[in-house]
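Participant: Take a look at the following structure, please.
The values are calculated or read from the model by the stated rules, or taken from the named source; none is laboratory data. Here the structure is a predicted model, which means the values were calculated and not measured. Note that each Cβ is placed from the backbone with ideal geometry, even for glycine, and that neighbours are counted across all protein chains shown. Just the protein is used for accessible areas: all its heavy atoms, side chains included, with ligands, DNA and RNA removed. Shrake-Rupley method; radii C 1.70, N 1.55, O 1.52, S 1.80 Å.
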Amino acid sequence: MEKTDDLGAFFPEIRTETIKGKTLAVPNVKVRQLVAFGKASEPFMPLVVAADYMAVLTHHTDAACRAVSIITGAEVEWLADLDPDDMLRLISA
């Protein structure tokens, strides 16, 4: 294993996605968000690990909207009204 001094591997920068004119920060999950995020994402986390984001969206839409809302602060209703390709960008981020 190659040694690295790059802390970016452990503390990546906050990602942003601009959707419908709104720029959303997609930070790492905070400790205070863990319980809520864990409950929201539990039904679909195996699909995220497998990078099957379309299955997340098509089979777990409500849970995905709640999980993305917890991380980004965007309203669940706003997320639910997005086009699928926009929500897929957020799920993959």
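Participant: Counting only heavy atoms of the protein chains, get the accessible area per residue of the chain (1.4 Å probe) and round it to a whole Å² value. Numbers along the way, then the final one.
Facilitator: Working: 6330 Å² over 93 residues.
Normalised by residue count, the accessible surface of the chain is 68 Å².
Participant: Using a Förster distance of 25 Å, how high is the FRET efficiency between residue 77 and residue 45, based on the Cβ-Cβ distance and rounded to 0.05?
Facilitator: Numbers: r = 23 Å, r/R0 = 0.94.
It comes to 0.60.
Participant: Also, quick follow-up: For residue 14 and residue 59, compute 0.36 nm times the residue count separating them, minus their Cα-Cα distance, and round to one decimal in nm.
Facilitator: Numbers: separation 45, 0.36 × 45 = 16.20 nm, distance 2.74 nm.
Result: 13.5 nm gained on full extension.
Participant: Across the range 37-47, in residue order, what do the Karplus-derived ³J(HN,Hα) couplings come to in whole Hz, using 6.51 cos²θ - 1.76 cosθ + 1.60 with θ = phi - 60° and x for Gly and Pro?
Facilitator: 5, x, 5, 5, 8, 3, x, 10, 4, x, 6
Participant: Whose amide H sits under 5 Å from the amide H of residue 15, counting only residues 5 or more places off or on another chain, with H placed in the peptide plane?
Facilitator: 26
Participant: So, with a 1.4 angstrom probe, what is the percent of accessible area on the chain that is carbon and sulfur? Mind showing how you got there, number by number?
Facilitator: On the way: 3610 of 6330 Å².
Whole-percent figure for carbon plus sulfur exposure: 57.
Participant: Protein chains only, probe 1.4 Å: how do 54, 87 rank by accessible area, largest first?
Facilitator: Values: 54 95, 87 5 Å².
These residues rank, largest area first, as 54, 87.
Participant: Quick check: residue separation of residue 35 and residue 86 times 0.36 nm, minus the Cα distance between them. What number comes out in nm? Could the numbers behind the result be given before it?
Facilitator: Details: separation 51, 0.36 × 51 = 18.36 nm, distance 2.56 nm.
Length gained between residue 35 and residue 86: 15.8 nm.
Participant: Of the listed values (i) 37, 12, 8; (ii) 23, 16, 14; (iii) 28, 13, 10, grab the one calculated as semi-axes √(5λ) of the Cα gyration tensor in Å from the structure here.
Facilitator: (ii)
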